[in-house]
Every structure is written in structure tokens, then in C-alpha cells.
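Report on the structure given below.
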Amino acid sequence: MRPVKDAERAILAVVAAVPYGRVTTYGAVAERAGWPRRARLVGRVLSALPDDSDVPWHRVVAAGGRIAFPAGSAPHLRQAGRLAGEGVEVRAGRVDLARHAWSGGGDLDRYLWGDGEN
DNA sequence: CAAATGACGGGGT
DNA sequence: AACCCCGCCATTT
């Protein structure tokens with residue numbers, strides 16, 4: 001089994017667990033998915049998502065709360081718009097992580113690695 | 001097969 | 001804050 005496939009599964013599970021109105025970073029997702037220092041891999045996986053995907057990719061931002069897409073680009077505006085729609089304030093292409101960052105938490109770890117399956 | 005690329009991150013200037 | 005540079009690594013040139 002190609003390792004990167006496993007990573008993809010875990011990464012998507014983590015992103016899917018980010019609550020409405022909260023955000024997290026590529027690095028944090030990688031860490032949480034069990035692939036420390038693989039932030040780029042997270043970006044790669046998200047870039048492959050179909051447009052109709054239910055995965056809340058817009059809740060994932062770069063380090064420091066910065067939106068990873070070039071300012072003014074279509075994807076950038078799309079992400080900023082979705083975040084604003086959830087009550088997350090986006091200013092100068094970035095969000096205040098201190099205020100909106102997702103603290104992981106909950107039953108995610110058990111869901112991923114916990115007892116028995118998955 | 002070597003070099004470039006990118007939805008990244010961190011440190012230094 | 002704004003850059004620049006380098007480490008990182010799967011993919012694509």
C-alpha cells in the first residue's frame with residue numbers, strides 16, 4: 001500500500017473534523033494526521049479535491065493564519081468568502097489564529113487511531 | 001535521470 | 001510587516 005494513500009485518508013479525516021467557524025493550519029493538520037512536517041503533503045491532497053467535495057478545505061490556512069492562495073486570485077476570494085460566511089473575520093488575507101484556531105480536541109484521535117478499527 | 005514545482009514552515013535580515 | 005533563503009518531499013518536466 002502506498003504510504004501517501006494512508007496519509008491522504010488521515011489528512012482528509014482531520015480536515016473533515018474541523019468545526020464550522022474554526023480554522024487550522026496545513027502544518028497542524030499534518031501533525032494531527034500523524035505525518036509531522038508534511039504540510040506540503042496536506043496542500044497536495046487538498047488541491048486534488050473535487051469541487052463538489054464536502055471536505056471543508058477552506059478552514060485550512062497557512063502558518064500565521066495566512067490564506068495560501070495569491071491575494072486577489074479566484075481561489076483566495078472563494079476561501080475568504082466561505083470563511084466570512086462562517087463568521088471568521090478575514091483581514092488582509094489572513095485570519096486571527098489566536099481567536100479562530102481549532103484546538104484539535106474532542107474524539108478525533110480516538111476516531112483515527114483509537115481502539116480497534118481505523 | 002536531473003531539475004523544477006508547489007494550497008508549506010521556520011529562521012534570519 | 002516584508003522579503004529572502006533553505007529544508008521538506010511527492011510529482012511533474
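The values are calculated or read from the model by the stated rules, or taken from the named source; none is laboratory data. Computed from a predicted model, the values in this text were never measured in an experiment. Quick reminder, even Gly has a Cβ in these numbers, built from the backbone with ideal geometry, and neighbours come from all protein chains shown.
Scan the range A:11-25 and give yes if some residue there is within 15 Å of DNA strand B (Cβ to nearest atom), surrounded by 15 or more Cβ atoms within 10 Å (Cβ to Cβ) and among the basic types (Lys, Arg), otherwise no.
no
Which number in (1) in contact with a strand residue (DSSP E or B) (Cβ under 6 Å, 6 or more places away or on another chain); (2) buried (at least 18 other Cβ atoms within 10 Å of the Cβ) marks the one condition that residue A:66 misses?
Only one criterion is unmet by residue A:66, namely (2).
What residue, of A:4, A:29, A:55, is surrounded by 11 or more Cβ atoms within 10 Å (Cβ to Cβ), part of a helix (DSSP H, G or I) and modelled with pLDDT of 95 or more?
Of A:4, A:29, A:55, the one residue that is surrounded by 11 or more Cβ atoms within 10 Å (Cβ to Cβ), part of a helix (DSSP H, G or I) and modelled with pLDDT of 95 or more is A:29.
Within the bounds of the range A:32-39, is there any residue that is among the hydrophobic types (A, V, I, L, M, F, W, C), within 24 Å of residue A:87 (Cα to Cα) and either more than 6 Å from DNA strand B (Cβ to nearest atom) or under 12 Å from the mean Cα position of the chain (by Cα) (or both)?
Within the range A:32-39, not a single residue is among the hydrophobic types (A, V, I, L, M, F, W, C), within 24 Å of residue A:87 (Cα to Cα) and either more than 6 Å from DNA strand B (Cβ to nearest atom) or under 12 Å from the mean Cα position of the chain (by Cα) (or both).
Any residue in the range A:65-92 that is at pLDDT 95 or above sitting within a Cβ distance under 8 Å of a residue that is in a loop (DSSP other than H, G, I, E, B) and more than 16 Å from DNA strand C (Cβ to nearest atom)? List the pairs, counting only those 6 or more apart or interchain.
Filtered contacts from the range A:65-92: A:86/A:20; A:86/A:21; A:87/A:21; A:88/A:21; A:88/A:22.
Could you please give the count of residues in the range A:44-103 that are among the small types (Gly, Ala, Ser), more than 11 Å from DNA strand B (Cβ to nearest atom) and within 22 Å of residue A:13 (Cβ to Cβ)?
2
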